[in-house]
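The values are calculated or read from the model by the stated rules, or taken from the named source; none is laboratory data. Source: prediction; values computed, not measured. Positions of Cβ are generated from backbone atoms using ideal geometry, with glycine treated the same way; all protein chains shown enter the neighbour counts.
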Amino acid sequence: MAKRLGITAQTYAQPLFAGLRGNNNFSLVTDSAAQLAIKLREKNLDGAFLSSIDYAKDYAMYRIIPKVAAVSAGESGSALLLFNENIRKIESLAVDPSSASEIVLASLILQEKYDARPKLIPTIADADTALRSSDAYLAVGDTALKYKDRTNKIDLVDEWTDLTGLPFVHGIWVSREDVFTGE
């Protein structure tokens, strides 16, 4: 029986999935990282590509597949904080609730580098709509790529690298403890 693997549609992660497509040993399910985490927790998947935060929520149930991840350092364009022109302090941040790791990333960067602790406003609206009622908007993955030429933005991965000297881990492969053998 084919193993059920959860993958994301985000462009940055596609090279990790290419070898799995067309392989009869795997059945691929595409969804958001948050939904993949739920499906894995409910045992509807054998393994999934999860954000580090989604992994951390249920880490005792999972095993990380070693040496395979989506990681970047410096400007990546994959996690952008867009903000309104002439803003002095970010007091409200519109976020897609399914982007757990990037929400934590934005919160850490804003706290540590900009002494800001904005109110998080969950939204499914696009950036232009969200920015009418909030100071900033968190754009992630393919959505962020649409705004790469925008001038009022902060590349959060670049800020993370500057703050820590480390790359940012966008996602990792995990499986339920009892599913895959070492081989």
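What are the residues in the range 84-102 that are modelled with pLDDT of 95 or more and surrounded by 21 or more Cβ atoms within 10 Å (Cβ to Cβ), if any? Correct list: L93, A94, V95. Against the criterion of being under 29 Å from I154 (Cβ atoms) and in contact with a His (Cβ under 9 Å, 6 or more places away or on another chain), A34 does not qualify. Among residues of the range 56-67 being of a type outside the set (G, A, S) and within 20 Å of A100 (Cα to Cα), the one that is surrounded by the fewest Cβ atoms within 10 Å (Cβ to Cβ) is Y59. Does L145 qualify as being buried (at least 21 other Cβ atoms within 10 Å of the Cβ) and assigned by TED's automatic domain parsing to the domain that holds L105? When the stated conditions are applied, L145 does not pass them. Checking the structure you have, find out if any residue of the range 124-132 is in contact with an Asp or Glu (Cβ under 6 Å, 6 or more places away or on another chain), not assigned by TED's automatic domain parsing to the domain that holds Y12 and not hydroxyl-bearing (S, T, Y). No: the range 124-132 contains no residue that is in contact with an Asp or Glu (Cβ under 6 Å, 6 or more places away or on another chain), not assigned by TED's automatic domain parsing to the domain that holds Y12 and not hydroxyl-bearing (S, T, Y).
Quick check on my filter: what residues within the range 10-37 are at positive phi and touching a Lys or Arg at 6+ places or on another chain (Cβ under 8 Å)? Within the range 10-37, no residue meets the criteria. Taking first residues from the range 75-99 that are over 17 Å from T143 (Cβ atoms) and in contact (Cβ under 8 Å) with a residue 24 or more places away in the chain and partners that are among the hydrophobic types (A, V, I, L, M, F, W, C) and crowded, with 23+ Cβ neighbours inside 10 Å, the Cβ contacts under 8 Å between residues at least 6 apart in sequence or on separate chains come to N84/A136; I87/A136; I90/L81; I90/A136; S92/A136. Summed over the range 21-44, the residues that are farther than 18 Å from V169 by Cα and out of contact with any Leu (no Cβ under 6 Å at 6 or more places or on another chain) give a count of 16.
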